[in-house]
Amino acid sequence: NNYVSWVYSTLLAEIEKDTGWVSLELLNGVKLFTEGFDLQVRRIRNTVYMRGRITGLTEHPTTIAIMPEHFRPRDGYSFRFIVPSNGGTNAVFVFNPTSGTIILDFTSDGNVPAERWFSFNNVVFCTD
């Protein structure tokens, strides 16, 4: 049946556009806030989602991870995003699509105590 073949191929094409959740390798002493809940990315078509909480940072700027190439926008423009942390503060991270680096740029209070966590839940950006 041609209709069934078309539905199957359409659904398969959509599934192939979803990477599922992919864990990022943490760098420079950065740790998971909760074991088993990795810092992760997922690409669905041209939208990238992040989730997870990290801790263990003690200074800024600090590179926390490298984004895999498939998740990076190709335009090469760096951009900043704000994530919440405990203690009522926020942090600004810089993402460089060319190198893939995700860097803690600064915190709203200027401090980076090692016990502070940073949440990447609800970070979303578009790619090509």
**Q.** GluC sites (Glu not before Pro), loop per DSSP, at most 13 other Cβ atoms within 10 Å - longest free stretch of the chain
**A.** 60-114
Q) In the stretch 44-111, which trypsin sites (Lys or Arg not before Pro) are in a loop and have at most 10 other Cβ atoms within 10 Å, using DSSP for the loop call? A) R45, R74
Q. In the set [x] 15.5, 50; [y] 18.5, 76; [z] 17.1, 64, which value of Rg and Dmax of the Cα atoms in Å was calculated from the structure you see?
A. [z]
Q | Using θ = phi - 60° and Karplus 6.51 cos²θ - 1.76 cosθ + 1.60, couplings along the stretch 88-103 (whole Hz; Gly, Pro as x) | A | x, 10, 10, 10, 9, 10, 10, 10, 9, x, 5, 8, x, 6, 10, 10
Q) Can you list the residues, at least 5 places off or on another chain, whose amide H is less than 5 Å from the amide H of F120, using H built in the peptide plane? A) G52, R53, I54
Q) Once label points are set 7 Å from the Cα along Cα→Cβ at both F81 and E115, what is their separation, rounded to one decimal in nm? A) 2.8 nm
Q.
Rounded to the nearest percent, how much of the accessible area of the chain (1.4 Å probe, protein heavy atoms only) is carbon and sulfur?
A. 53 percent
Q: Tell me what the chain gives for mean residue ellipticity at 222 nm when only DSSP H runs of n ≥ 4 count, each as -39,500 (n - 2.57), the sum divided by the residue total, rounded to 500 deg cm²/dmol.
A: -4000 deg cm²/dmol
Q.
Per 0.36 nm of contour for each residue apart, how much would the distance between V94 and R74 grow if the chain were fully extended, relative to their Cα-Cα spacing?
A. 5.6 nm
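The values are calculated or read from the model by the stated rules, or taken from the named source; none is laboratory data. For clarity, every value in this text was computed on a predicted model and none was experimentally measured. Because the Cβ atoms are built from the backbone with ideal geometry, glycine has one as well, and the counts that use them run over all protein chains shown. Side chains are part of the model used for accessible areas, which takes the heavy atoms of the whole protein and leaves out ligands, DNA and RNA. Shrake-Rupley method; radii C 1.70, N 1.55, O 1.52, S 1.80 Å.
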